[in-house]
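The values are calculated or read from the model by the stated rules, or taken from the named source; none is laboratory data. As the structure is a computational prediction, the values presented were derived from the model and not from experiment. Every residue, glycine among them, receives a Cβ derived from its backbone with ideal geometry; neighbour counts consider all protein chains shown. Ligands, DNA and RNA are excluded from the accessible area calculation, which covers all protein heavy atoms including side chains. Shrake-Rupley method; radii C 1.70, N 1.55, O 1.52, S 1.80 Å.
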Amino acid sequence: QVQLVESGGDSVQPGGSLRLSCIAFRGSFNFITMGWFRQAPGKQRKLVAYIHNSENLYYVDAVKGRFTISRDSAKNTMYLQMNGLKPEDTAVYYCNTFPADNALWGQGTQVTVSS
């Protein structure tokens, strides 16, 4: 069973930047559309962005122009570069396939944006 592990979350001030990583263990997600999701306190988990390849990307309006999704197939790793962070970006961030496979949810990584 493939295991997805997220990392890179931290506490930052508004306007700060973070880069999240998602690594697949015991398998590969090459050639599969992958996404980043987030769940804010008291809210449902929602899609943030997905990537199939460098020419097939999607971002929700709330993060367009601030977040960049990418993947390194050689390292079996997906990234989310987050710039211009806002308090409303505070959430636990998860990676998964897109559409999401419920069997693949990991622990996520906490991002807190606060002054």
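Annotations for the structure displayed:
- On the beta carbon distance between Arg19 and Asn56, with R0 = 30 Å, the FRET formula returns roughly 0.90.
- Sequence-separation-based contact order of segment 1-103, relative, with Cα cut under 8 Å and 6+ spacing, percent: 35 percent
- A simple spin-label model places pseudo-atoms 7 Å from Cα toward Cβ; at Lys75 and Ser7 they are separated by 1.0 nm.
- Antiparallel DSSP beta bridges within the chain, percent to nearest 5: 95 percent
- Candidate aspartates and glutamates - alpha carbon under 20 Å from Lys86, same-chain residues fewer than 8 apart omitted: Asp10, Asp61
- The chain: projected area of the alpha-carbon convex hull, averaged over directions, in nm²: 6.7 nm²
- log₁₀ of I(q)/I(0) at q = 0.22 Å⁻¹ - segment 13-70, Debye sum with one point per alpha carbon: -1.05
- For the options Val60, Val12, Val92, a Gaussian network treatment of the chain with springs between C-alpha atoms closer than 10 Å singles out Val60 as fluctuating the most.
- Computed E for Asp101/Gln39 - FRET, C-beta separation, R0 22 angstrom, nearest 0.05: 0.85
- Hydrodynamic radius of segment 46-93 by the Kirkwood approach over all distinct alpha-carbon pairs: 11.6 Å.
- Bridgeable lysines around Lys75 (alpha carbons under 27 Å apart, same-chain partners fewer than 8 residues away excluded): Lys46, Lys64.
- Accessible area of the chain belonging to carbon and sulfur atoms, whole % at 1.4 Å probe: 48 percent
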